[in-house]
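Colleague: First, the structure itself, so that you have it in front of you.
The values are calculated or read from the model by the stated rules, or taken from the named source; none is laboratory data. Please read these numbers as outputs of a predicted model, since none were measured by experiment. Using ideal geometry, Cβ is built from the backbone for each residue, glycine included, and neighbour counts are taken over all protein chains shown.
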């Protein structure tokens, strides 16, 4: 085969190989997250969080949080901001009012950040019962959230987003 006749053949072969390599990315089952050991570890911690939330297990949630934990509440005033020391109070007050918590998480992405941090992007579908002035009501919540975790040398710990 002459050099000129081989060019289309080589181009086709290169294209097929590139396509095969591109299609070989594996994702963690049921997610849009690339299947790596680190990503599995991160999702495992978020799954511990999800289950502890449904059980209203404040102590497990505190164990999953870094001492550097901080929530800014998303408002400009700062009056609703809290750190690790305020986390117990926030959890206990919310759990005292809620029952029958169902908390479902769909994992969308994991992004590595600097300083041994990673962000887990999730879609949340949750419901719970709460006592109101009009009696017990069932509430539904759907949201997207970014959970930021930090590797402390032994474990992934939440620094925000719980």
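Colleague: Cβ-Cβ under 8 Å, sequence separation 6+ or interchain: first residue in region 36-51 and at pLDDT 95 or above, partner part of a helix (DSSP H, G or I). Which pairs?
Modeller: Cβ pairs passing all conditions: 45/64; 48/60; 48/64; 49/61; 49/64.
Colleague: Name every residue in region 56-71 that is touching a residue at least 40 places away in the same chain (Cβ under 8 Å) and either farther than 20 Å from residue 152 by Cβ or not in a loop (DSSP other than H, G, I, E, B) (or both), in order of residue number.
Modeller: Correct list: 56, 61, 64, 65, 70, 71.
Colleague: For residue 103, work out the one condition from (1) more than 25 Å from residue 140 (Cα to Cα); (2) at pLDDT 95 or above it doesn't fulfil.
Modeller: (1)
Colleague: Sticking with this one: Filtering region 121-146 down to residues that are farther than 18 Å from residue 55 by Cβ and touching a helix residue (DSSP H, G or I) at 6+ places or on another chain (Cβ under 8 Å), which residue is surrounded by the fewest Cβ atoms within 10 Å (Cβ to Cβ)?
Modeller: Checked region 121-146; the qualifying residue surrounded by the fewest Cβ atoms within 10 Å (Cβ to Cβ) is 131.
Colleague: What single numbered condition from (1) crowded, with 18+ Cβ neighbours inside 10 Å; (2) at pLDDT below 95 fails to hold for residue 118?
Modeller: (2)
Colleague: Out of curiosity, is residue 32 in contact with a strand residue (DSSP E or B) (Cβ under 8 Å, 6 or more places away or on another chain), loosely packed, with under 14 Cβ neighbours inside 10 Å and either within 30 Å of residue 87 (Cβ to Cβ) or modelled with pLDDT of 95 or more (or both)?
Modeller: Spelling it out, residue 32 is indeed in contact with a strand residue (DSSP E or B) (Cβ under 8 Å, 6 or more places away or on another chain), loosely packed, with under 14 Cβ neighbours inside 10 Å and either within 30 Å of residue 87 (Cβ to Cβ) or modelled with pLDDT of 95 or more (or both).
Colleague: Which members of region 86-143 meet the condition of being in a helix (DSSP H, G or I) and under 22 Å from residue 70 (Cβ atoms)?
Modeller: Passing the criteria: 86, 87, 88, 89, 90, 91, 92, 93, 94, 95.
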